[in-house]
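Everything on this sheet refers to the single structure shown next.
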Amino acid sequence: MHLMMLMALPLLIATLFEPQKPSVLHTDNFEHYSRDFNLHDREVVKTTISNESASEWMQKQIPLFECPDKEIEQTYYFRWWTYRKHLRQTPDGWVITEFLPDVPWAGKYNTISCAASHHIMEGRWLAETQYLNDYSVFWFRKGGDPHRYSFWAADAIWQRSLVTGNLKQAFDLLPDLVKNFETWQQRRQDPNGLFWQNDDEDGMEVSIGGSGYRATINSYMFAEATAIAKIAQARGDAAISNRFKQLASEIKERLQKQLWDNSSEFFKVLPKGEGAKLAEVRELHGYTPWYFDLPDEKYSVAWKQLMLPEGFNAPFGLTTAERRSPRFMFAFSHECLWNGPVWPYATSITLTAMANLLNDYHQTYVTSADYLAQLHTYATSHKLKQPDGTTVPWIDEDMDPLTGDWTARTILEKQGTHDRGKDYNHSTFCDLVISGLVGIRPQPGNRIVISPLVPADKWDYFCLDRVPYHGHILTVLYDKTGARYGKGKGLHVLSDGKEIAHSATIARIEATVER
């Protein structure tokens with residue numbers, strides 16, 4: 001049965017979804033991206049949806065995006081093109097991989113929980129819902145290991161439901177999510193109320209701050225409790241909802257009280273052990289609490305470090321440790337270093353957190369122009385210079401923040417290992433464009449909030465089309481003159497081709513999407 005299903009898969013993929021009818025943009029204008037990516041690619045691992053099928057898959061599955069910044073635009077399509085490679089059909093349904101080649105530390109079907117929430121956050125914008133339906137169930141009922149690495153599963157499933165408008169799977173998985181949270185409590189919560197994690201099992205080995213009570217795992221557990229409470233409340237289970245609201249409140253209080261360094265004005269690692277003191281370094285993961293809107297407003301002062309050259313700002317992206325640290329980029333004989341190199345995993349968490357900060361907080365430390373600048377830098381880092389001097393689109397593991405060299409790849413090549421990190425699926429990019437830059441902020445019920453982070457003086461136009469939302473297709477566009485898209489001047493929001501909101505300028509607007 002399974003063999004016959006796999007043999008019929010190309011036909012299944014071809015007929016699974018008819019292309020969504022675009023309101024404004026047309027697939028023909030963007031098909032050249034997949035052709036170019038195929039042309040420059042060595043398909044070293046043949047995947048379920050091959051390069052040959054990539055263009056057709058993208059035409060049917062992804063929202064279309066257009067903007068004046070062609071680095072961001074190209075990277076948007078490149079990241080969907082690479083994401084497709086990691087969709088793997090198995091006897092237990094669809095799963096999503098992190099590495100294309102099998103790696104010994106992975107679990108069943110080469111799955112790794114470390115970046116699984118990123119996979120869900122990115123994939124929630126695809127037309128086909130079965131990928132994430134299967135993948136979400138896999139982690140709890142089909143042999144996945146959700147405890148091998150830190151994993152904010154309940155939050156990702158909740159955030160996905162805000163896009164689909166369908167809570168059926170979240171309701172079904174609620175007992176699993178509660179049990180998952182309780183397992184983390186048993187394994188990693190100490191009497192002081194904080195959760196601890198080894199930096200390696202946070203996906204952040206060879207870090208300066210090291211292991212212990214980290215803002216990462218405690219933020220994830222806050223988010224898990226919050227999401228479980230929301231799912232339970234929507235299902236009408238007041239007992240579970242109230243219990244997990246209280247747990248979330250307690251985690252937040254302990255994180256802010258015990259992991260905040262007043263002198264450095266930053267969240268830091270607290271090593272385990274009596275009399276331990278906070279680490280002496282600011283690390284990029286200290287921004288993780290804002291990914292979940294956790295901190296009170298006064299802690300926003302931490303963001304003044306983001307754009308400082310001596311802080312985290314570097315020519316090729318955001319460093320994982322502050323550059324002023326005497327241990328920044330210390331020498332170590334390992335290819336996966338979190339002591340300063342740029343990691344797309346951390347960049348995507350930080351930029352999601354930054355979008356939340358700009359939308360949900362009052363602060364003066366960073367602006368939408370800073371967000372656009374960092375997203376542009378992130379986009380331009382998706383490059384590899386080949387031995388013949390040509391440059392091709394690329395995503396890999398960690399990068400030297402000062403030279404742009406893909407660090408792990410260079411080290412592994414010297415050891416005779418090639419392409420482990422090629423097309424690495426360990427981060428988000430498309431979600432940053434959709435929910436951050438263009439500003440589709442999913443809401444419960446039949447509401448939608450559009451809050452673009454494009455500065456008013458930067459772009460004359462942008463359009464995001466064919467976005468699945470609550471059973472409808474959204475289009476968000478800005479046209480300074482009204483001549484490019486023929487919909488009039490300003491910011492427009494369309495549902496199934498009909499305008500539901502408009503602003504003369506780039507601004508936050510709210511609308512109702514009919515059920």
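The values are calculated or read from the model by the stated rules, or taken from the named source; none is laboratory data. From a predicted model like this one, the values you see are computed outputs, not experimental measurements. Positions of Cβ are generated from backbone atoms using ideal geometry, with glycine treated the same way; all protein chains shown enter the neighbour counts.
Points to keep in mind about this one:
- Residue match in the range 266-285 (condition: small (Gly, Ala, Ser) and either touching a helix residue (DSSP H, G or I) at 6+ places or on another chain (Cβ under 9 Å) or not assigned by TED's automatic domain parsing to the domain that holds GLU413 (or both)): no
- ASP102 vs. criteria assigned to a helix (DSSP H, G or I) and either in the same structural domain as HIS426 (by TED's automatic domain parsing) or under 21 Å from PHE181 (Cβ atoms) (or both): no
- Every condition in (1) within 16 Å of the chain's Cα centre (by Cα); (2) closer than 30 Å to TYR461 by Cα is met by ASN38 except one, and the failing one is (1).
- Residues of the range 95-108 satisfying the condition of being surrounded by fewer than 20 Cβ atoms within 10 Å (Cβ to Cβ) and within 22 Å of ARG160 (Cβ to Cβ): GLY107, LYS108
- Boolean, GLN189 is free of Cβ contacts under 8 Å to residues at least 40 places away in the same chain and farther than 19 Å from SER333 by Cα: yes
- Filter result for GLU335 (modelled with pLDDT of 95 or more, outside any helix (DSSP H, G or I) and under 19 Å from ASP200 (Cβ atoms)): no
- Matching residues in the range 157-173 - criterion: being part of a helix (DSSP H, G or I) and within 18 Å of GLY445 (Cα to Cα): ILE157, TRP158, GLN159, ARG160, SER161, LEU162, VAL163, THR164, LYS168, GLN169, ALA170, PHE171
- Top-ranked residue of the range 217-270 - restricted to ones that are within 22 Å of GLN186 (Cα to Cα) and among the aromatic types (Phe, Trp, Tyr), ranked as surrounded by the fewest Cβ atoms within 10 Å (Cβ to Cβ): PHE244
- Condition met for HIS376 (within 23 Å of HIS119 (Cβ to Cβ) and in contact with a helix residue (DSSP H, G or I) (Cβ under 7 Å, 6 or more places away or on another chain)): no
- The range 193-209 - residue that is of a type outside the set (Gly, Ala, Ser) and part of a loop (DSSP other than H, G, I, E, B) and, of those, farthest from ALA331 (Cα to Cα): LEU194
- Residues that are under 14 Å from CYS114 (Cβ atoms) and either touching a residue at least 60 places away in the same chain (Cβ under 8 Å) or out of contact with any Pro (no Cβ under 7 Å at 6 or more places or on another chain) (or both) within the range 135-154 comprise GLY144, ASP145, PRO146, HIS147, ARG148, TYR149, SER150, PHE151, TRP152, ALA153, listed in sequence order.
- Checking LYS304 against (1) outside any loop (DSSP other than H, G, I, E, B); (2) on the phi > 0 side of the Ramachandran plot, the condition it does not meet: (2)
- The range 113-134 residues that are more than 13 Å from LEU432 (Cα to Cα), paired with ones that are small (Gly, Ala, Ser) and in a loop (DSSP other than H, G, I, E, B) (beta carbon under 9 Å, 6 or more apart): SER113/GLY107; SER113/GLY144; SER113/SER150; CYS114/SER150; CYS114/GLY203; ALA115/GLY203; ALA115/SER427; ALA116/GLY144
- Residues that are among the hydrophobic types (A, V, I, L, M, F, W, C) and crowded, with 22+ Cβ neighbours inside 10 Å, drawn from the range 409-430: PHE429, CYS430
- Unmet criterion (only one of (1) over 25 Å from SER113 (Cβ atoms); (2) part of a helix (DSSP H, G or I); (3) without any contact (Cβ under 8 Å) to a residue 12 or more places away in the chain) for ASN242: (3)
- The range 404-445, residues that are out of contact with any helix residue (DSSP H, G or I) (no Cβ under 9 Å at 6 or more places or on another chain), more than 23 Å from LEU318 (Cβ to Cβ) and among the acidic types (Asp, Glu): GLU413
- Taken together, the residues in the range 367-392 that are buried (at least 20 other Cβ atoms within 10 Å of the Cβ) and over 17 Å from the mean Cα position of the chain (by Cα) amount to 1.
- Complete set of residues in the range 317-339 that are touching a Leu at 6+ places or on another chain (Cβ under 6 Å) and of a type in the set (Asp, Glu): GLU335
- Residue count for the range 312-363 satisfying the condition of being surrounded by fewer than 23 Cβ atoms within 10 Å (Cβ to Cβ), small (Gly, Ala, Ser) and in contact with a strand residue (DSSP E or B) (Cβ under 8 Å, 6 or more places away or on another chain): 1.
- Whichever residue in the range 194-216 is over 12 Å from LEU270 (Cβ atoms) and of a type outside the set (D, E, K, R) and, among such residues, is surrounded by the most Cβ atoms within 10 Å (Cβ to Cβ): MET204
- For the range 67-96, a residue qualifies if it is in contact (Cβ under 8 Å) with a residue 60 or more places away in the chain and more than 20 Å from the chain's Cα centre (by Cα), and the qualifying residues are CYS67, PRO68, ASP69, GLN89, PRO91.
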